[in-house]
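To start, the structure itself, in structure tokens.
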Amino acid sequence: MKRFLLPVALATLCGVAFLRAADKPAAQLPDVAAPKMDAKTGRPQEAFVKLHQSFVKIAHEGQAKLVFLGDSITHGWSGNGKDVWPKAFGPYLPANFGIGGDRTQHVLWRITNGELEGIRPKAFVVMIGTNNSRDDSAEGIAKGITKIVQTLRAKQPQAKVLLLAVFPRGSKPDGQLNEQNDKLKKVNAIIAKLDDSQHVFYLDIGNKFVPGNGPIDKEIMPDFLHLSAKGYQIWADAIGPKLAELMK
């Protein structure tokens, strides 16, 4: 999509989304593609659009062979995970398509509006859903994740999908696993069934971060949600063997 067409496309797509969601906010529709909106202006968030445009550009360059899709936890590979990223994934020509605050509907909107055009990766790593956990049901979140996986399969049939269980999360100040985490366990139980051992591969690495029932270690998740450098190393080590298999 050319950049000068983006505002028109956004307005049109937002109109469609809001017509379908006339009786409830987009947060209640995790399987309906929608851009992230600015509550004050009623327009798509500027930072969200800017990052999306940068990802569309990377996609059109057609170089990336491994694409990570997700929210701030994925985006953090460019922050706390910046030293781990090149060592763990550099040989795969990776691209990080993570945006802070994204929900399933936002990722779905992004991958149906340019982020999969011009690119032919060997694999995707998908971890999304924690930001839906306050407002949406486990079934709804799982439905949104399923729609993302289905879209990836339809648009990029050559690529494998490494679908990660949504990571554990805890409450401040003690790091104990909370009600949102209980909901995410239900989400993970549902999306685990998407694994077909041919194109989609489900992997739950949550116990690498939080053995047992918690509490969460602040050295791994300082705010009991996002990862430290140590946490990103754990992530890389946990998916490394499977990625090596999928990237052959």
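The values are calculated or read from the model by the stated rules, or taken from the named source; none is laboratory data. Keep in mind that what you see is a predicted model, and the values were worked out from it rather than measured. Cβ atoms come from the backbone with ideal geometry, glycine included; neighbour counts cover every protein chain shown.
Data table
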{"item": "Conditions (1) outside any loop (DSSP other than H, G, I, E, B); (2) modelled with pLDDT of 95 or more; (3) surrounded by fewer than 21 Cβ atoms within 10 Å (Cβ to Cβ); (4) not aliphatic (A, V, I, L, M): number failed by Gln158", "result": "(1)"}
{"item": "Residue ranges of helices (runs of 4 or more DSSP H) in the range 61-137 with at least 3 members aliphatic (A, V, I, L, M) and either touching a residue at least 24 places away in the same chain (Cβ under 8 Å) or closer than 21 Å to Lys36 by Cα (or both)", "result": "104-111"}
{"item": "Tally of residues being surrounded by 20 or more Cβ atoms within 10 Å (Cβ to Cβ) and under 20 Å from Asp102 (Cβ atoms) across the range 65-88", "result": "12"}
{"item": "Conditions (1) surrounded by fewer than 17 Cβ atoms within 10 Å (Cβ to Cβ); (2) touching a helix residue (DSSP H, G or I) at 6+ places or on another chain (Cβ under 9 Å); (3) farther than 28 Å from Pro91 by Cα: number failed by Gly214", "result": "(1)"}
{"item": "Matching residues, the range 165-196, being part of a helix (DSSP H, G or I) and among the small types (Gly, Ala, Ser)", "result": "Ala189, Ala192"}
{"item": "Qualifying positions in the range 38-66 - aliphatic (A, V, I, L, M) and modelled with pLDDT under 95", "result": "Ala39"}
{"item": "Residue match in the range 224-231 (condition: over 17 Å from Lys87 (Cα atoms) and either of a type in the set (S, T, N, Q) or touching a strand residue (DSSP E or B) at 6+ places or on another chain (Cβ under 8 Å) (or both))", "result": "yes"}
{"item": "Hits in the range 183-221 - residues which are among the small types (Gly, Ala, Ser) and at pLDDT below 95", "result": "Gly212, Gly214"}
{"item": "Which numbered condition Ala244 misses (of (1) outside any loop (DSSP other than H, G, I, E, B); (2) surrounded by 17 or more Cβ atoms within 10 Å (Cβ to Cβ))", "result": "(2)"}
{"item": "Matching residues in the range 219-236 - criterion: being touching a residue at least 24 places away in the same chain (Cβ under 8 Å) and either among the hydrophobic types (A, V, I, L, M, F, W, C) or not in a loop (DSSP other than H, G, I, E, B) (or both)", "result": "Met221, Phe224, Leu225, Leu227, Ala229, Gly231, Tyr232, Gln233, Ile234, Trp235, Ala236"}
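Residues checked against (1) closer than 23 Å to Asp136 by Cα; (2) not polar (S, T, N, Q):
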| position | (1), (2) |
| --- | --- |
| Ala165 | yes, yes |
| Arg169 | yes, yes |
| Gln180 | yes, no |
| Ile191 | yes, yes |
| Asp204 | yes, yes |
| Gly214 | no, yes |
| Pro222 | no, yes |
| Leu227 | no, yes |
| Lys242 | no, yes |
